[in-house]
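To keep things clear, I will list the structure first and then write my remarks on it.
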Amino acid sequence: MNPATEAKTNPNPATELAIVNGGAAAATASAFSFPIGYYDLHPDVSINFQLNRFYGWVGDDSMLTEMREGLAGVNDYLTFTKIVLDLGEKALARHEVRKGAYYLRLAEFFLLFSDPRKLPTRQRFVDLLLDHLQIAPSAYSEIPFETGWLPAYRLTPKKPRGTLVVFGGFDSYIEEWLPAALVFRDAGYDTILFEGPGQGAALELAHLTMSPEWEKPVKAVLDYFRLDAVTLMGFSLGGGLVIRAAAFEPGVRRVIAYDICADGLECALRPLPPLAQKELLGWIETGNEEAVDKFFADAMAKSLLLDWMMKLGMHNSGTGTTYAMLKHYQKYETASIASRLTQDVLLMAGAEDHYIPVHQLTDQIATLTHVRSLTARLFTRAEQAQNHVQVGNMGLAFRTMIDWMTGLGPIEILTVG
């Protein structure tokens, strides 16, 4: 096993832990064990995923009990957010800062955009986590971009072995990912996290809406930090955006798609039955806006997942109707540009990802015809990593990335000549 990584196991598989950090991390806030296990906490597949997602950053089993007992029968967001906010306040009163902070993030995740509590709750989560993880103010930058700015954090080890630049996807706040960033820093990588248009503070505070032209924010970040040879990693929807950026930005020398996302429109329609998907695609292609909007008005009233996805999609893309939003996300595809990539590429996918169809892994492989090298990793239920971005065993995902980067050696050596 690579010396930058370590695995610790427990005889009880339900409490097995994966620790992914350098030995020097033991005395820092990043010395955290990522739990292994994907749990049935709520009957709604989307809510259940989010409960597992935020538990994965905390690893306190009492959180599983609290969420299962408090939320299993809740089927509306108003009641859900009230309960989760209360759980957060109680955790903070007990000085359980990490758990309390991620409860706030979970509640804020489902608060309506018009709710006056949303932005203050978001800011409180950010402040609590930065303080808890001891992230210095000097690590933060606001990078000028178009009519606004992009928030970024840079965490640098004493002797970097390379630079990793990370961004998220459809619903991410990059602060949520800071515990993982500390892992990569302590494995020796100069780690930069940023939010692009349509994400986090870039959306909520700088008012920049989502764009498929992801090479533009990536270039702004590389220019700001004066970087010309980086590993670029995008997670969730970012797994497609990273392919787009790498196709046009020469400073990207290595690419990690965590997970793959080769067709954003297919992902948006995936919760629907196949016949409905086919009908909607026909309406989108022929410009039947009225039929699309009527369909989703009815469908969103019956599905928490669809209601959340469509409203968030309209919010982060700055569109006013479901039809306009779906036309926007139709542009989020990689088939038309993937042949331009010449880098080393790592593709990751969950065998039972409920957002991204697993066939998009082979679809993406087939289009990367000119890359320097291609590594693909499919994570399974046996590893408890079968779901989206390996929620259930994120430590394994992080170890996979670190081992891949370390195995390739320094970028400068690989690119000479």
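The values are calculated or read from the model by the stated rules, or taken from the named source; none is laboratory data. For clarity, every value in this text was computed on a predicted model and none was experimentally measured. Note that we place each Cβ from the backbone using ideal geometry, even for glycine, and neighbour counts take in every protein chain shown. Calculation scope for accessible area: heavy atoms of the full protein, side chains included, ligands and nucleic acids excluded. Shrake-Rupley method; radii C 1.70, N 1.55, O 1.52, S 1.80 Å.
Data for the structure
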quantity	calculated
Most mobile of SER172, SER114, SER236 in a GNM of the chain (Cα contacts under 10 Å)	SER114
Estimated inter-spin distance, LYS278 and ASP61, nm [label 7 Å along Cα→Cβ]	4.8 nm
Relative compactness, region 145-195, computed as alpha-carbon Rg over 2.2 N^0.38 Å	1.19
Size of region 77-223 as Cα extents on the principal axes (Å, biggest first)	44, 34, 21
Those residues of region 152-195 whose amide nitrogen sits under 17 Å from the label point placed on GLU142, 7 Å along Cα→Cβ	152-154, 174-175, 194-195
Rg(Cα) / (2.2 N^0.38 Å) computed for region 46-94, rounded to two decimals	1.08
Packing-based order for 81-92, 367-378, using average beta carbon neighbours within 10 Å, highest first	81-92, 367-378
Antiparallel %, DSSP beta bridges [both residues in the chain], to 5	40 percent
Global geometry of region 327-411, whether rounded, prolate or oblate, following the gyration tensor of its Cα atoms and the 1.5 cut on a/c	oblate
Part-to-part distance (alpha-carbon centres) for region 34-53 and region 235-275, which is given in Å	23 Å
Above-threshold pairs, the threshold being 25 Å between Cα atoms, out of LYS118/LYS331; LYS82/LYS311; LYS294/LYS327; LYS302/LYS327; LYS90/LYS302; LYS278/LYS311	LYS118/LYS331; LYS90/LYS302
Bins of 10 Å, starting at 0 and running to the largest distance - Cα pair percent for region 315-366	19, 38, 35, 9
Cβ charges +1 (Lys, Arg) and -1 (Asp, Glu), total dipole of the chain, debye	820 debye
All-pairs alpha carbon distance profile, region 159-250, 10 Å steps from 0, percent	17, 52, 29, 2
R0 of 35 Å, Cβ-Cβ distance ASP307-ARG226: FRET efficiency to nearest 0.05	0.20
Most to least packed among 244-254, 389-399 [average Cβ atoms within 10 Å]	389-399, 244-254
Dimensionless Rg/Rh of region 257-354 - Kirkwood Rh, Rg from C-alpha atoms	1.01
Whether region 29-130 is rounded, prolate or oblate, judged on the alpha carbon gyration tensor where a/c under 1.5 counts as rounded	oblate
222 nm mean residue ellipticity, helices alone, for the chain (DSSP H n ≥ 4; -39,500 (n - 2.57); rounded to 500)	-13500 deg cm²/dmol
Region 202-330: proportion of alpha-carbon pairs further apart than 26 angstrom, %	31 percent
Extended-chain gain in nm, criterion 0.36 nm per residue less alpha-carbon gap, LYS82 and ARG117	11.5 nm
Per-residue SASA entry for ILE260, accessible area with 1.4 Å probe, Å² rounded to 10	0 Å²
Cα gyration tensor shape for the chain, rounded if a/c is under 1.5, else prolate or oblate	rounded
Debye, to nearest 20: dipole size of region 82-151, +1 on Lys, Arg Cβ, -1 on Asp, Glu Cβ	320 debye
